[in-house]
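K.L.:
Here it is, the structure in full.
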Amino acid sequence: MSDPRWLDDREMAAWLPLIKLIHLLPQALDRQLRDEVGIGHSYYSMLASLSDAPDRTMPMGELARYTATSPSRLSHAISVMQERGWVERRPSPADRRIQYATLTGAGLEVLRKVAPSHVAEVRRLIFDRLTLEQVDQLRDLGTAVLDGLDGAGSAGR
């Protein structure tokens, strides 16, 4: 058994702000979305993902992977949004084990209502603070780290 490879001062100086960012950014995004439409960022991400899908429909398993959400958490979120009339869920006609989620017209309207202010908040919190070079670096860093986490190279969707 070898000694652990402790983080050096340089790595620690990068690690600590990253951990703080990982905790604070979702809270800030959730706050803005909850104030406007009563949902968190994970729900917004599901709605946005469905809006980009053909016929605004995705298999639930694919939506879970796309939004980095566990199947049980996704199922709960879809149920909540279904009660609000934003999403419909239906079984696949070919395979009853597969469920599809479809963004409804009402869900699309919610997304259209909140998207401009959400994007403005993302810009305010992140992109307005970065140079174009830093944006490119952020993309490259995020992709490299995500590729190591999921092994599938899906950082860019």
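K.L.:
Using the structure shown, decide if S2 is surrounded by fewer than 18 Cβ atoms within 10 Å (Cβ to Cβ), farther than 26 Å from G142 by Cα and of a type outside the set (V, I, T).
P.N.:
Yes.
K.L.:
Now, a different point. Looking only at region 28-58, which residues are open to solvent by 20 Å² or more (accessible area, probe 1.4 Å) and under 12 Å from the mean Cα position of the chain (by Cα)?
P.N.:
D30, H41, S42, Y43, Y44, S45, A48, listed by residue number.
K.L.:
Among the residues of region 88-112, count how many are surrounded by 15 or more Cβ atoms within 10 Å (Cβ to Cβ) and among the charged types (D, E, K, R).
P.N.:
Count: 1.
K.L.:
Among the residues of region 66-83, how many are open to solvent by 80 Å² or more (accessible area, probe 1.4 Å) and touching a residue at least 24 places away in the same chain (Cβ under 8 Å)?
P.N.:
Here the count works out to 2.
K.L.:
If you go through region 83-95 one residue at a time, do you hit one that is out of contact with any Phe, Trp or Tyr (no Cβ under 9 Å at 6 or more places or on another chain) and assigned to a helix (DSSP H, G or I)?
P.N.:
Yes, region 83-95 contains at least one residue that is out of contact with any Phe, Trp or Tyr (no Cβ under 9 Å at 6 or more places or on another chain) and assigned to a helix (DSSP H, G or I).
K.L.:
Looking for something at pLDDT below 95, of a type in the set (D, E, K, R), open to solvent by 70 Å² or more (accessible area, probe 1.4 Å) and out of contact with any helix residue (DSSP H, G or I) (no Cβ under 8 Å at 6 or more places or on another chain) - is there at least one such residue anywhere in region 128-140?
P.N.:
no
K.L.:
So which of G142, G107, G148 ends up being under 30 Å from L21 (Cβ atoms), in a helix (DSSP H, G or I) and either touching a strand residue (DSSP E or B) at 6+ places or on another chain (Cβ under 8 Å) or of a type in the set (F, W, Y) (or both)?
P.N.:
Unique residue meeting the criteria: G107.
K.L.:
For G61, work out the one condition from (1) open to solvent by 30 Å² or more (accessible area, probe 1.4 Å); (2) within 29 Å of D35 (Cβ to Cβ); (3) of a type outside the set (D, E, K, R); (4) under 16 Å from the mean Cα position of the chain (by Cα) it doesn't fulfil.
P.N.:
All conditions pass for G61, except number (2).
K.L.:
Keeping to region 34-65, report how many residues are within 23 Å of E121 (Cβ to Cβ) and assigned to a helix (DSSP H, G or I).
P.N.:
Total meeting the criteria: 16.
The values are calculated or read from the model by the stated rules, or taken from the named source; none is laboratory data. What you are looking at is a predicted structure, and each value in this text was computed from that prediction instead of being measured. In this analysis, Cβ positions are derived from the backbone assuming ideal geometry, glycine residues included, and neighbour counts consider all displayed protein chains. To get the accessible areas, we keep the full protein, side chains included, count just its heavy atoms, and leave off ligands, DNA and RNA. Shrake-Rupley method; radii C 1.70, N 1.55, O 1.52, S 1.80 Å.
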